[in-house]
Amino acid sequence: MSIDSYNPADPDDLVVSAEAPGAAGTAAAVERARAAQAGWLGAGAAARSAALTRAAEAVEAHAAELARLVVREVGKPIAEAHGEVARTAAIWRHYAQAPYAPSGELHEPAAGQGLLMTRRRPYGVAGLITPWNFPLAIPTWKAAPALAVGNTAVLKPAPEATACALRLAEIAGLPEGVLTVVPGGVAEGTALVDAADVVSFTGSTAVGRAVIAATAARGVPVQAEMGGLNAALVLPDADIAQAAAHLANAIAGYAGQKCTATSRVIAVGAAYEPLREALAKALAGAAAGDPGEPSTVCGPVINEAALLRLTGAVESAVAAGATVVAGGGRPRRPGWFVEPALLEDVPAGHPLLSEEFFGPLAVLVRAADLDEAIALANGTRHTLATSVHSRDLDTALAAADRLDAGMIRVNAPSSGVDFHLPFSGAKAASYGGREQGRAALEFYTSGRTVTLLPAGTPR
């Protein structure tokens, strides 16, 4: 079976057609990675650091090519694509230092002579399942820490990002068997989860739950980043113009196809009317356009199914009594485009208030005060990121302490991420260890306690 990936801005443009290896081929790829793992670990910290540094340099050397491929395969606007490429290189470079980091501690024995120490060791083969929306950065922020601590990795990218994953692995130039890309779908993903020694998944909540169940049955460590229904709280004392600009970026940037995108805007008290006006104006300035143009903020959504899901959500909300404040229509151009939309008066119980639609679509909600705003923000089963907009630092910090989200950003878009800090959500948004930073290094290793006693020491 072949995996075909098309250009979302030009659905007639076939970007790549790759052969899927099936379950047996995926299992074989894991075994090849397992055979390579001992040599990769045994080569030592300097060899792994140098290999990851060369990967960073290779990404930088091919930056223009990779950015064009990201635009073509997943429809990311060219400015964001260049940003993702730079971030990808920075992640490889960041984790190139990790092989030299301490991997344990020394302790005094409770009694008598001897030495106690802890060590962290790699599991073996890391199975990585990644989405299409960050086709270079997410595979890198999973693979780089896994490789840095001595695992090898098998990567199963989303079908829509097959070309990017294959080219990234080719450019990285790692030793044979150290980083293997397996194009495919459900069969390949299931086989990888069933064979890997440690698993990291990013994708939908439904698939993530299946991955968690399968790894739990095997007793294999897993981290899963799943759905996000992210809120932005705007208080009356906020800089409304700045907040609107940040929100427009978090709603419309890359057509809202980020797990940290804002989908609920909660306006507190007197902030509602001025924010409504400013945000509608800001979204109008972020109209859907050609992702190859440097000025474009909102490109196409990934495929026709996504387009129909988004336009259907707007239509059903309007039929239920909601009002479209801005956008929501389809521009007259080829491709899977929809204008960034803001809706108000969406009735309670509508899916837009409780489900992730993964597109340039947000709901404006009223809150009488901060307490109600926090209750609304927390009243969802999965929240990855929340932003708080206020000039009052005490208010913002108090809100941050009470919000359930895994990441809280003050006077900034919800969609920003610092790759050297832990990345994870709350409740059903995430499961298992956190990604990125030191947390990732710990996730891809197991702890061991070693007791050393002088020879002849009586027990």
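The values are calculated or read from the model by the stated rules, or taken from the named source; none is laboratory data. Quick caveat: nothing in here was measured; it's all calculated off a predicted structure. Every residue, glycine among them, receives a Cβ derived from its backbone with ideal geometry; neighbour counts consider all protein chains shown. When the accessible area is computed, the model is the full protein with side chains, heavy atoms only, and any ligands, DNA or RNA have been set aside. Shrake-Rupley method; radii C 1.70, N 1.55, O 1.52, S 1.80 Å.
Along Cα→Cβ, 7 Å out, is where each label goes; now give me the distance between the ones at Glu293 and Ala43 in nm to one decimal.
4.6
Solvent-accessible area per residue for the chain at a 1.4 Å probe radius, Å²? Before the final figure, lay out each step's value.
Values: 18110 Å² over 459 residues.
I get 39 Å² per residue for this part.
If I compute solvent accessible area with a 1.4 Å probe over the protein chains, what percent of it on the chain is carbon and sulfur? Walk me through the numbers before you get to the answer.
On the way: 9920 of 18110 Å².
Answer for the chain: carbon and sulfur cover 55 percent of the accessible area.
Would you check the accessible area of Met1, probe 1.4 Å, heavy atoms only, in square angstrom rounded to 10?
Per-residue accessible area (Met1): approximately 140 Å².
Grab the Cα-Cα distance for Leu14 and Asp237, subtract it from 0.36 nm times how many residues apart they are, and report the gain in nm with one decimal.
Values: separation 223, 0.36 × 223 = 80.28 nm, distance 4.97 nm.
Contour length minus the Cα-Cα distance gives 75.3 nm.
I'd like the orientation of helix 63-74 relative to the chain: the angle between its Cα long axis and the longest Cα principal axis, in ° from 0 to 90, rounded to 10.
The angle comes out near 60 degrees.
Given a 1.4 Å probe and heavy atoms of the protein chains only, how would you sort Val338, Val318, largest accessible area at the top? Before the final figure, lay out each step's value.
Details: Val338 10, Val318 65 Å².
If we order Val338, Val318 from most to least accessible, we get Val318, Val338.
For the pair Asn411 and Glu105, what calculated FRET efficiency results from E = 1/(1 + (r/R0)^6), where r is the Cβ-Cβ distance and R0 = 41 Å, to the nearest 0.05?
Numbers: r = 38 Å, r/R0 = 0.94.
Efficiency, rounded to the nearest 0.05: 0.60.
Do you know the relative contact order of the chain, to the nearest whole percent, from alpha carbon pairs under 8 angstrom that are 6+ apart?
The normalised contact order for the chain reaches 18 percent.
Which whole-angstrom value gives the distance between the alpha carbon centres of the range 1-57 and the range 257-327?
35
Excluding same-chain residues fewer than 8 positions from Lys258, which lysines have a Cα within less than 16 Å of its Cα?
Lys76
What distance in nm separates the two pseudo spin-label positions at Glu304 and Arg366, each 7 Å out from Cα along the beta-carbon direction?
Distance between the two pseudo-spin positions: 4.2 nm.
What does a probe at Thr53 reach in the range 76-90, counting residues whose amide N is under 19 Å from the point 7 Å along Cα→Cβ?
Inside the label zone: 88-90.
With a 1.4 Å probe and all protein chains kept in place, how do Tyr254, Tyr431 rank by accessible area, largest first? Spell out each step's value before the answer.
Working: Tyr254 0, Tyr431 110 Å².
Putting Tyr254, Tyr431 in descending order of accessible area: Tyr431, Tyr254.
Starting from the 7 Å offset along Cα-to-Cβ, what nm value, one decimal, do you get for the label separation of Asp392 and Glu170?
5.7
Can you give me the solvent accessible area of Glu84 with a 1.4 Å probe, rounded to the nearest 10 Å²?
In the full protein context, Glu84 sits at about 10 Å².
Largest first and in whole Å, what are the equivalent-ellipsoid semi-axes of the chain based on the Cα gyration tensor, each being the root of 5 times an eigenvalue?
For the chain, the semi-axes come out at 40, 28, 19 Å.
For the range 327-434, what Kirkwood radius comes out of the mean inverse Cα-Cα distance, in Å?
On the way: mean 1/r = 0.0633 Å⁻¹.
Hydrodynamic radius (Kirkwood, Cα only) of the range 327-434 equals 15.8 Å.
Rounded to the nearest 10 degrees, what's the angle between the helix 240-252 long axis and the longest principal axis of the chain, both from Cα atoms, 0 to 90?
So the inclination is approximately 60 degrees.
So what is the calculated 222 nm ellipticity per residue for the chain, using -39500 (n - 2.57) for each DSSP H run with n of 4 or more, over all residues, to the nearest 500 deg cm²/dmol?
Values: 14 runs with 183 residues, N = 459.
That comes out to -12500 deg cm²/dmol.
Suppose accessible area is computed on protein heavy atoms with a 1.4 Å probe; arrange Leu308, Leu168 from highest to lowest.
On the way: Leu308 105, Leu168 10 Å².
Reading off the accessible areas and sorting them downward yields Leu308, Leu168.
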